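For reference, the structure discussed in these notes is given below.
The values are calculated or read from the model by the stated rules, or taken from the named source; none is laboratory data. Note that the structure is a prediction, hence the values are computed from the model and not measured. Every residue, glycine as well, gets a Cβ built from its backbone with ideal geometry; the counts of neighbours run over all protein chains shown. The accessibility values were calculated without ligands, DNA or RNA, using every heavy atom of the protein model including side chains. Shrake-Rupley method; radii C 1.70, N 1.55, O 1.52, S 1.80 Å.
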Amino acid sequence: MTSATSATSQVTSAEGARERAREDSEAAFSAAFEAAVAADERIEPRDWMPDAYRSSLVRQIAQHAHSEIIGMQPEANWITRAPSLRRKAILMAKVQDEAGHGLYLYGAAETLGTGRDELLDKLHSGRQKYSSIFNYPTLTWADVGAIGWLVDGAAITNQVPLCRCSYGPYARAMVRICKEESFHQRQGYELLLVLSRGTEAQHAMAQDAVDRWWWPSLMMFGPPDDESAHSAQSMAWKIKRHSNDELRQRFVDICVPQAEALGLTLPDPDLRWNEDRGHYDFGEIDWSEFRAVLKGNGPCNEQRITQRRRAHEEGAWVREAAAAYAAKHQHAPRSDRKEAVTS
Ligand code: BYC
């Protein structure tokens, strides 16, 4: 063997050894990840995780964050027309809470290495989704109640299990979000109760809102299980703990007695208790409507995204000012920073 061929074979074997070591450590990291998920431990930002786990989390968290901030629009529509100061204050606080939820969730996505600018850009260009429910209009004051009762109610049903999501930052964000959502749900229920027990016209307004929001609320849980692209893998990774259909059924079972207590009817002639299943049976969901809304053809898709883009553009100066302020104080000596805070 010449010295040149011997040097080449040494390099090749060194590369091979490095490749084997890489594969061995990848296999060890992967085994540690699987073991942590199996043991119900939390995966944290600095832990190794499969690329597909990371990207699936970013996909779901981004969609969730976008839903929170787009979800501010239909309700904010009623702030100026709330029927009393008390109702106005409650609604303003609720809409502000939704903005806060968006912040926690964009923060959780950042821990996975995906910045807020990138996610907002994908929302604005239609490359990422937000919940179908926010593409429906809020036509009357009772819609604020129906959103609180049904939309926040569906959100809680879906999100309480997410407090046990395998990814730590998402799970922890969900704990606080769920506490606030429960308050939102109760304010919606109370608002509808007052209307339902009010004048005939108020009762009719409450019933009309429930008629319009019921079916879209059931669609919030996503497509049926046999058409859900991500459920099986997300459940194996313990991102999701229950399937879309399981959560939808849980929601229907919760709502029926609540509707009775409200004195309102759910708009489904097929809704009845099934003794054998121990659940309420319910009618067929119009999945063609769901698909149309997801494609951008719901009643308010265009309006929502146009408004969101406008708000983003108009808020540019606030982001610039905040960034300049942060940069100034980051570089300031400690004594100056203290002075800035106390003065
Ligand atoms: N709308 O394989 P699947 C709130 C998409 S509440 C739009 O089952 P996955 C709020 C899905 O993203 C609402 N898109 O997906 C409440 C996927 O598309 P991509 C927000 C939907 O992820 C009150 C495709 O359909 N909550 O924020 O396993 C006031 C296939 O679906 C919808 C959350 O986001 C829908 N309804 O399950 C203010 C909770 N359903 O990504 C604000 C967290 C499905 O492949 N998210 N799609 O393009 C989740 O739990 C799950 O992502 C879902 C869907 C249950 C929604």
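Observations on the model:
- Annotation: of all residues in the range 121-143 being surrounded by 17 or more Cβ atoms within 10 Å (Cβ to Cβ), more than 11 Å from the ligand (Cβ to nearest atom) and not polar (S, T, N, Q), the one that is farthest from Glu34 (Cα to Cα) is Trp141.
- The range 291-305, residues that are within 12 Å of the ligand (Cβ to nearest atom) and open to solvent by 40 Å² or more (accessible area, probe 1.4 Å): Arg291, Leu294, Lys295
- Close pairs from the range 209-238: first in contact (Cβ under 8 Å) with a residue 40 or more places away in the chain and small (Gly, Ala, Ser), partner away from the ligand (no atom under 11 Å from the Cβ) and assigned to a helix (DSSP H, G or I), Cβ under 6 Å, at least 6 apart: Ala209/Ala142; Ala209/Asp143; Ala209/Ala146
- Taken over the range 144-176, residues that are near the ligand (Cβ under 9 Å from one of its atoms) and among the charged types (D, E, K, R) amount to 1.
- Of all residues in the range 25-48, one or more are of a type in the set (D, E, K, R), at pLDDT below 95 and open to solvent by 60 Å² or more (accessible area, probe 1.4 Å).
- For the range 240-268, a tally of residues being in contact with a strand residue (DSSP E or B) (Cβ under 7 Å, 6 or more places away or on another chain) and touching a residue at least 60 places away in the same chain (Cβ under 8 Å) returns 0.
- Scan of the range 77-98 for residues that are surrounded by 13 or more Cβ atoms within 10 Å (Cβ to Cβ), assigned to a helix (DSSP H, G or I) and of a type in the set (Gly, Ala, Ser), ordered by number: Ala93
- For the range 235-259, the set of residues classified as within 15 Å of the ligand (Cβ to nearest atom) and in contact with a His (Cβ under 7 Å, 6 or more places away or on another chain) consists of Gln249 only.
- Answer residue from the range 17-75, given it is of a type in the set (Ser, Thr, Tyr) and touching a Ser or Thr at 6+ places or on another chain (Cβ under 7 Å) and is nearest to the ligand (Cβ to nearest atom) among those: Ser67
- Candidates in the range 306-316 are the residues that are assigned to a helix (DSSP H, G or I) and farther than 16 Å from Ser125 by Cα; of these, the one that is most open to solvent (accessible area, probe 1.4 Å) is Glu314.
- From the list Leu192, Leu150, the one residue that fits, being crowded, with 24+ Cβ neighbours inside 10 Å and farther than 19 Å from Tyr130 by Cα, is Leu192.
- Given (1) hydrophobic (A, V, I, L, M, F, W, C); (2) assigned to a helix (DSSP H, G or I); (3) free of Cβ contacts under 8 Å to residues at least 60 places away in the same chain, index of the condition Leu57 fails: (3)
- From the list Gly198, Gly188, the lone residue that is among the small types (Gly, Ala, Ser), under 15 Å from Gly145 (Cβ atoms) and within 16 Å of the ligand (Cβ to nearest atom) is Gly188.
- For the range 263-286, taking the residues that are of a type outside the set (Asp, Glu) and within 21 Å of Pro137 (Cβ to Cβ), the one that is farthest from the chain's Cα centre (by Cα) is identified as Leu264.
- Selection from the range 65-76 of residues that are open to solvent by less than 20 Å² (accessible area, probe 1.4 Å) and not β-branched (Val, Ile, Thr): Ala65, His66, Ser67, Glu68, Gly71, Pro74, Glu75
- Residue count, the range 222-249 (criterion: touching a Leu at 6+ places or on another chain (Cβ under 8 Å) and assigned to a helix (DSSP H, G or I)): 1
- Residues that are surrounded by 14 or more Cβ atoms within 10 Å (Cβ to Cβ), assigned to a helix (DSSP H, G or I) and either in contact with a Ser or Thr (Cβ under 9 Å, 6 or more places away or on another chain) or of a type outside the set (Val, Ile, Thr) (or both), drawn from the range 250-290: Arg250, Phe251, Asp253, Ile254, Cys255, Gln258, Ala259, Leu262, Glu289, Phe290
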